[in-house]
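Encoded as structure tokens, the structure appears first; notes follow it.
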Amino acid sequence: MFVLSNRPPKPKAVLGRTTGGNGNGGNGADTYRPGAGEGVAGGRGDQGRPGGDPNGRNYSGPTRNQGIRVVQIPSASFEDDFNESGKVALDVVVNANGKLISTTLQPRGTTTSNRKMIDIAKRRAYEISYPKYEGGFKQTIVFDFKVRG
């Protein structure tokens with residue numbers, strides 16, 4: 001049996017009082033203003049800088065990358081003794097001089113549990129020529145094993 005009630009449904013959560021900010025706009029801006037095509041490439045919306053003034057119009061200055069850096073490792077090809085195809089992903093730690101310090105197996109990206117292939121990948125990782133970056137870097141590299149035939 002289905003019974004209708006004239007009582008309004010009771011909400012599961014209710015937004016309480018919010019605090020912070022003294023203007024009508026988001027992020028502490030003095031006013032709310034929709035995007036007006038102020039992007040670098042003429043796109044819609046304001047281009048901002050993290051931690052910048054929400055009312056500012058200075059779009060120049062260094063872009064902060066939050067510690068993320070793209071590392072270009074040259075492609076390499078090796079021949080070795082293995083008998084199945086698969087991928088081995090390794091987290092590598094490289095010092096500022098481009099010298100490999102350590103390797104750790106990364107399960108995400110690894111498609112084999114063959115110990116011999118993992119050992120080959122770790123050995124070959126030390127033969128790669130890594131770039132020099134101030135402070136060094138840590139990156140995941142993937143060895144793609146393919147059986148010829």
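The values are calculated or read from the model by the stated rules, or taken from the named source; none is laboratory data. Note that this is a predicted model, so its numbers are computed, not measured. In this analysis, Cβ positions are derived from the backbone assuming ideal geometry, glycine residues included, and neighbour counts consider all displayed protein chains.
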Filter the stretch 72-114 down to the residues that are loosely packed, with under 14 Cβ neighbours inside 10 Å and modelled with pLDDT under 85, then identify the one that is farthest from Arg124 (Cα to Cα).
Gln72
Among the residues of the stretch 115-149 satisfying the criterion of being surrounded by 14 or more Cβ atoms within 10 Å (Cβ to Cβ) and among the β-branched types (Val, Ile, Thr), which is nearest to the chain's Cα centre (by Cα)?
Ile141
List pairs: first residue in the stretch 110-137 and assigned by TED's automatic domain parsing to the domain that holds Asn95, second residue among the charged types (D, E, K, R) anywhere in the structure, Cβ distance under 6 angstrom, at least six positions apart or on different chains.
Thr111/Lys87; Ile120/Asp80
